[in-house]
Structure formats: C-alpha cells, structure tokens
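Inspection log for the structure reproduced underneath, given as structure tokens.
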Amino acid sequence: MSDLEDTNAAMTTGAQYPYRRMLPQAPLLAAATGRTPAHRPVWFMRQAGRSLPEYREIRAGIGMLESCFNPELVCEITMQPVRRHGVDAAILFSDIVVPLKAAGIDLDIVAGTGPVVASPIRSAADVTALPRLRTEEVGAVTAAISLLTKELGETPLIGFAGAPFTLASYLVEGGPSRNHERTKALMHSDPQTWHALLGSLADTTITFLKAQLHAGVDAVQLFDSWAGALSLAEYRQFVLPHSERVFAEVAEAGVPRIHFGVGTGELLGAMGEAGADVVGVDWRIPLDEAARRVGPGKALQGNLDPAVLFAGWNAVEREVRRVAGEADRALAAGAIGHIFNLGHGVLPDTDPGVLTAAVELVHSL
C-alpha cells in the first residue's frame, strides 16, 4: 500500500470511528501489528477481578451482571489493574454473556457456577425465537468505554466478546459443562439448526464488537473459551466459518484482533485462519511450537501458566524468562510480535504483588 493509500485509509477509518484515540507509541499495539515496541507488552486476562482487594471491596453486595451494566463501576474496575500493576492494556470489565442478557435472554451469572440459562436451546424453533441484539441495548457498555478512553491516557483499551461456539455451548447446555454433550449432540444430529444458531450468535457478537469499536476501544479479543472441547475436524466444519465472519465484519475498524481459547493447541492453525491478527496461546504449548502451528505473519499472545504465580518468586521469574525466550524463538520463526500474558485468566487467590513484579520483569526483558 502506498503512503497516499495509507493516509486515505486512516482518514476513512477516522471518519467511521470518531472516538478512536491515536496511540502510535503503545507497545501492545506495536507488537500486535508487527512493529517494534518500546518494551515487551504485558497484560493479564482477568486482571480486573477477585485477585484485587479493591475489586472485592467495590463489588461487595453487587451482582456480576448488575456491575457490568453500571458504566461508572465498569470504568473503575477496568482501571484498577492499570493503576496497580502498570500493565500495557486495560481490558473492559464485562462478561461474554452480557450481550445475550442485553438482548433479552433470561440468564444469570450464579456465584460459584457461572452463567445459567433459564430456557436452554433444544430445537430449531428455539433458535428462531432467539432475540437479536440492538446496539442501544448495550448503551451502558459503550458509556463505560467513553469514560475509560478519557481516563486511560496512552494505555490501550481492549474490548471483547464471546465467540459464537462458546456462547452456543452455554445456551444449549444451560450453563457450564464438562463434556458439552448436548452441544455436540445438536451439532452432529442437526447441522442445519446448529449453523442457524451460530449464525444468530455471530450476528450478536458482531453487533456487540462494533458497538465497542465505535465507542473507542483500541483492540478486540474474541474468546472461544470452550473450543478446546472440539476435534480439529469439528472445529473446521461447525465453528470456523462463523468465527471467520465475526473477524471479517470488524476488520474495517483497523484495530488488532485477538483470538483465544483454552486447550486449543491442536486447533491453533485453524484458529489462526479465522482472521485474527494475534493468536492467544494457553500454557500447554510452547510459543515457538505455537508459531509453527499458526504459521508466519501473526503475533502471539501468552502464555505463563497462571498456577505458577503461586510457586514463589524464584519459580515465577524462571518461568517468565522461559516464556520470553520461547517468544523470542517464535519471532525468529515468523511470528510478527509477542504480547506477554497468562495462558488463561488470573486465579482469584493470586497475590497481586506477584503480578506487579511480573510486569516489571517482563518490561525489563
């Protein structure tokens, strides 16, 4: 692309996304797009949450979903780990079922269990009856983003959504599932209904992400949390086309798109094909091996085991350095950047002081 085309593209994007901040020096955005960051960027999935005493204090007596629809509370919770740890990105405090709740689906997040759906999907008629999300129904989320972009300064804000498969697994199972038996049964016994369901959920995910992008987020992450329950063949046939559509529909925003799932080592190549710029890797696969599976031209994110943070500082330092070394080998193998993260979310009992020290170490490497 010529310099003139670059300029015209930037002007067009600016017109479509008037609340987008220009953050040319942000290390996370540099690493995600193949540029050289000032230092190795780091943030943590679930960095805003129960590991922080200030989070527990401010959430006392307030339900999870209630919190997610309170813009001022969302802003404060999102900012807490940025202030405490000095991470290179904030991630919007929310939940992957927020757009489903906003659209009118009867569900709740039950403490100690997770999302519970009152009337699980059981038929084609149930799929047809699913409500579609309208942008105004997530106005509280976009209001929180507006507050955050004023507070964050030069720190990027990551928006996110659940991928169609993971949302479908909650709706079909009625809640969290160990084996996803109802989900897989529907997938294999009635592919037409399955694809209709994922098509509807892809619409919801696209609407939710576009609302966040228009409000001013600087990157987006698509969580396919339970995709690791699938074989590669199942993923390609029943999931990949819908995730591809999500990424394609938000491509025009011109921000980094991140894709992550747990236990997805065997799916990394296919997940890379879905269209993300950055592929998140859990702790089971070394980053240099992940680079080989994903192929060149993508950045990688990850992948310290969150349980290692309980092992004492000597072990944490050793493992952080190991992950950084594997990331450097991944870069030599064709990855275009590395964003340090955990291989899943921060565990609730994690010592926040260890996280702060880990950020300082990563920045020094």
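The values are calculated or read from the model by the stated rules, or taken from the named source; none is laboratory data. As the structure is a computational prediction, the values presented were derived from the model and not from experiment. Glycine also receives a Cβ, built like all others from the backbone with ideal geometry; neighbour counts cover every protein chain displayed. Note: areas computed on protein heavy atoms with side chains; ligands, DNA, RNA excluded. Shrake-Rupley method; radii C 1.70, N 1.55, O 1.52, S 1.80 Å.
Between Leu147 and Glu54, the simple spin-label model (points 7 angstrom out along Cα→Cβ) gives 1.4 nm. Give the aspartates and glutamates whose C-alpha is closer than 15 Å to that of Lys150, dropping any in the same chain fewer than 8 places away, or say none. Within reach: Glu72, Glu76, Asp218. Entry note, the chain: the mean residue ellipticity at 222 nm calculated from DSSP H runs of n ≥ 4, each adding -39500 (n - 2.57), is -14500 deg cm²/dmol after division by the residues and rounding to the nearest 500.
Considering only Pro24, Leu130, Leu52, and ranking their Cα positions along the charge dipole of region 1-150 that arises from unit charges at the beta-carbon of Lys, Arg, Asp and Glu, the one farthest toward the positive end is Leu52. Ranked by the mean number of other Cβ atoms within 10 Å of their residues, highest first, the peptides 295-304, 326-335 come out as 295-304, 326-335. Calculate the FRET efficiency for Ala185 and Leu347 from the Cβ-Cβ distance with a Förster distance of 45 Å, rounded to the nearest 0.05. Between Ala185 and Leu347 the formula returns 0.90. Karplus-based coupling profile of region 171-179, in residue order and whole Hz: 5, 7, 6, x, x, x, 9, 7, 10, with θ = phi - 60° in 6.51 cos²θ - 1.76 cosθ + 1.60 and x standing for Gly or Pro.
Could you tell me whether the chain comes out rounded, prolate or oblate from its Cα gyration tensor? Rule is a ≥ b ≥ c as square roots of the eigenvalues, rounded for a/c under 1.5, then prolate if a/b exceeds b/c, otherwise oblate. Here the chain falls in the rounded category. Taken per residue, the accessible surface of region 324-365 reaches 35 Å², heavy atoms only and a 1.4 Å probe.
Here the dipole of the chain is about 240 debye; that uses its Cα centre as origin and unit charges on the Cβ of Lys and Arg (positive) and Asp and Glu (negative). Our coupling estimate for region 33-41, obtained by passing each phi through the Karplus curve with A = 6.51, B = -1.76, C = 1.60 and θ = phi - 60°, is 10, x, 9, 8, x, 5, 8, 5, x Hz, Gly and Pro reported as x. The simple spin-label model puts a point 7 Å past each Cα toward its Cβ; for Glu136 and Ala307 those points are separated by 4.9 nm. In this label model, Thr356 and Gln192 are separated by 6.0 nm, measuring between points 7 Å along each Cα→Cβ vector.
Starting from the Cα of Thr113, move 7 Å in the Cα-to-Cβ direction to define the label point; list residues of region 54-79 whose amide nitrogen is under 18 Å from there. Taking a point 7 Å out along Cα→Cβ of Thr113, the residues of region 54-79 whose backbone N falls under 18 Å are 63-66. Computed extension gain for Gln237 through Asp106, at 0.36 nm per residue and net of the alpha carbon distance, reaches 44.2 nm.
Summary value for the chain: 21 percent relative contact order, contacts being C-alpha pairs under 8 angstrom separated by 6+ residues.
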